[in-house]
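The values are calculated or read from the model by the stated rules, or taken from the named source; none is laboratory data. The shown structure was predicted, so the numbers you read here are calculated from the model rather than taken from an experiment. As a convention, Cβ positions derive from the backbone with ideal geometry for all residues, glycine included, and neighbour counts pool all protein chains shown. Side chains are part of the model used for accessible areas, which takes the heavy atoms of the whole protein and leaves out ligands, DNA and RNA. Shrake-Rupley method; radii C 1.70, N 1.55, O 1.52, S 1.80 Å.
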Amino acid sequence: MKVQKSRKETAPATPVVIVVDDDAGLREALSSLFRSVGLEVALFASALEMLAAPLPDAPRCLVLDIRLPGVSGLDFQQQLTRQDVDMPIIFMTGHGDIPMSVRAMKAGALDFLTKPFRDQDMLDAVLAAIAMDRTRRDERAASDHVRTLYESLTEREKQIMGLVTSGLMNKQVAAEVGLSEITVKIYRGNVMRKMAARSFADLVRMAEAVGLSKPKA
């Protein structure tokens, strides 16, 4: 079963902490803790419950019990990775040991807290995770914007962009594509305008963002 796609928000969304733990008392205690600092909370008793629910389209993190009914927390972490569900994970356990923590951290977990943990330790971990996810979302949004601009280019403009950002001079590009140098300059100007590039260095960074070859050394 796959994680439900995120719902779209029409306004800046409040960060959300997703808690998956089969202990109802702990879920409610964590809910109160997170809401006390202005965070939204989504509570689930199992991985299956979370899988059946739509994920919030907001900066978020997952606070996950390592021992769950059905799918374990570590196995669930791997399942989320396979489904390309990207969010920081903070593990909690009452039975923590070194092999578990090493496996979780190697798989990308941000933190590993042993029950009982201090409220402040949990808050510190969650706030760091939310900040990390917010940065990731901002970077993805910027990358998506660059990709949209790139797709607005004609095939010839894409070709010219790839060549000039690889380090070739206009004259070299002209020889490569069989155009006059002045025509290459016109195409280059069109690319700069359509990509909203403030400088050539800016255009080079955009080229790398859309997967064009890096400049030649």
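Considering each residue of region 56-75, count those that are among the hydrophobic types (A, V, I, L, M, F, W, C) and either closer than 19 Å to ALA24 by Cβ or modelled with pLDDT under 85 (or both), and give that number.
Adding up the residues that qualify gives 6.
Restricting attention to region 8-62, which residues are in contact (Cβ under 8 Å) with a residue 40 or more places away in the chain, touching a strand residue (DSSP E or B) at 6+ places or on another chain (Cβ under 8 Å) and of a type in the set (Lys, Arg)?
ARG60, the sole residue that qualifies.
Identify the single condition in (1) open to solvent by less than 50 Å² (accessible area, probe 1.4 Å); (2) touching a helix residue (DSSP H, G or I) at 6+ places or on another chain (Cβ under 7 Å) that GLN159 does not satisfy, given that it satisfies every other one.
Only one criterion in (1) open to solvent by less than 50 Å² (accessible area, probe 1.4 Å); (2) touching a helix residue (DSSP H, G or I) at 6+ places or on another chain (Cβ under 7 Å) is unmet by GLN159, namely (1).
Which pairs do you get when a residue that is touching a residue at least 12 places away in the same chain (Cβ under 8 Å), found in region 69-89, comes within reach of a residue that is of a type in the set (Lys, Arg), reach meaning Cβ atoms under 7 angstrom, with the pair 6+ apart or on two chains?
So the pair list comes out as GLY73/ARG67; LEU74/ARG103; GLN83/LYS2; ASP86/ARG136; MET87/ARG60.
Which members of region 86-101 meet the condition of being surrounded by 12 or more Cβ atoms within 10 Å (Cβ to Cβ) and out of contact with any strand residue (DSSP E or B) (no Cβ under 9 Å at 6 or more places or on another chain)? Break it down stepwise before answering.
Within region 86-101, the subset surrounded by 12 or more Cβ atoms within 10 Å (Cβ to Cβ) is 86-94, 96, 100-101.
Once the filter is applied, which keeps residues that are surrounded by 12 or more Cβ atoms within 10 Å (Cβ to Cβ) and out of contact with any strand residue (DSSP E or B) (no Cβ under 9 Å at 6 or more places or on another chain), region 86-101 yields only ASP86.
Within region 108-122, identify whether any single residue is in a helix (DSSP H, G or I) and touching a helix residue (DSSP H, G or I) at 6+ places or on another chain (Cβ under 9 Å), and answer yes or no.
The first filter runs over region 108-122 and keeps only residues in a helix (DSSP H, G or I), leaving 119-122.
Now narrow it down to the ones that are touching a helix residue (DSSP H, G or I) at 6+ places or on another chain (Cβ under 9 Å): 119, 122.
Yes, because at least one residue in region 108-122 is in a helix (DSSP H, G or I) and touching a helix residue (DSSP H, G or I) at 6+ places or on another chain (Cβ under 9 Å).
Return the residues of region 165-217 that are farther than 28 Å from ALA142 by Cβ and among the polar types (S, T, N, Q); say none if nothing qualifies.
If the condition is that a residue be farther than 28 Å from ALA142 by Cβ and among the polar types (S, T, N, Q), then ASN170, GLN172, SER180, THR183 are the ones that fit.
Only one of these is assigned to a helix (DSSP H, G or I), in contact (Cβ under 8 Å) with a residue 12 or more places away in the chain, open to solvent by 50 Å² or more (accessible area, probe 1.4 Å) and of a type in the set (A, V, I, L, M): ALA104, ALA175, ALA128. Name it.
ALA128
Sort through LEU62, LEU43, LEU26 and tell me the only one that's in a strand (DSSP E or B) and open to solvent by 30 Å² or more (accessible area, probe 1.4 Å).
Of the residues listed, the single one that is in a strand (DSSP E or B) and open to solvent by 30 Å² or more (accessible area, probe 1.4 Å) is LEU43.
In region 186-208, how many are assigned to a helix (DSSP H, G or I) and surrounded by fewer than 16 Cβ atoms within 10 Å (Cβ to Cβ)?
Count: 9.
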